[in-house]
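Presented below is the structure to which this report refers.
The values are calculated or read from the model by the stated rules, or taken from the named source; none is laboratory data. It should be emphasised that the depicted structure is a prediction, and the values quoted were computed from it without experimental measurement. Here Cβ is always computed from backbone atoms with ideal geometry, including for glycine, and neighbour counts include all displayed protein chains.
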Amino acid sequence: MKKNDMYLTALGLVFLLLLSSCTIISKAQMNNADLRLTSLQIPDVVKEDLPYDVLVTFNADEPVTIKRACFRWVAEKSSVVSPSLYCYASEVQSNDPIGSACSRWLAEGPFSQASPEFCVNVDRVKLDDVPPYFIVKVKSENVKIFYNKVECYVEYLQDGVMKTSNRVAAPILVEK
């Protein structure tokens with residue numbers, strides 16, 4: 001065998017080895033998201049302090065144990081004309097350093113864009129239906145009139161490790 005043929009053969013083997021290792025790694029990375037939420041169903045109109053049944057469908061590659069479902073009420077659009085002006089004005093009126101009011105913009109205050117997260121235990125899971133689903137009872141607390149959707153994710157146990165799923169959302173109309 002010539003020297004050039006040996007180099008080409010060795011190079012070909014290295015290429016095949018790299019190709020197979022990339023395939024193995026990509027399959028391993030894909031299995032990290034073993035549970036994926038697909039939809040969220042809640043009544044279209046929500047009132048403060050009332051309980052609602054929420055149905056969430058999901059797909060799971062392997063057996064999982066869903067522990068908690070976490071929710072928050074969200075406003076997709078700003079509730080004031082210009083959030084940046086609001087942040088600037090609140091910083092000027094107080095002695096807070098620049099950036100402090102805006103850093104809290106989405107989490108606190110009368111113009112927050114989402115409610116605090118709240119979680120409920122999941123106990124009604126139907127794995128034998130297609131797609132599998134669970135139903136939880138959610139009490140509508142901290143719902144503001146300008147919220148227009150609800151988001152959900154779950155915490156689940158798989159192979160002894162606690163994991164978090166993706167988020168799904170559904171539109172709502174808050175009625176006083």
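What are the pairs, 6+ residues apart or on separate chains, where a residue within region 51-64 that is exposed (fewer than 12 other Cβ atoms within 10 Å of the Cβ) has its Cβ under 6 Å from a residue that is at pLDDT below 85?
If the second residue must be at pLDDT below 85, the pairs left are E62/D34.
What strands (runs of 3 or more DSSP E) completely inside region 128-176 contain at least 3 residues that are more than 17 Å from the chain's Cα centre (by Cα)?
So the answer is 133-139, 173-175.
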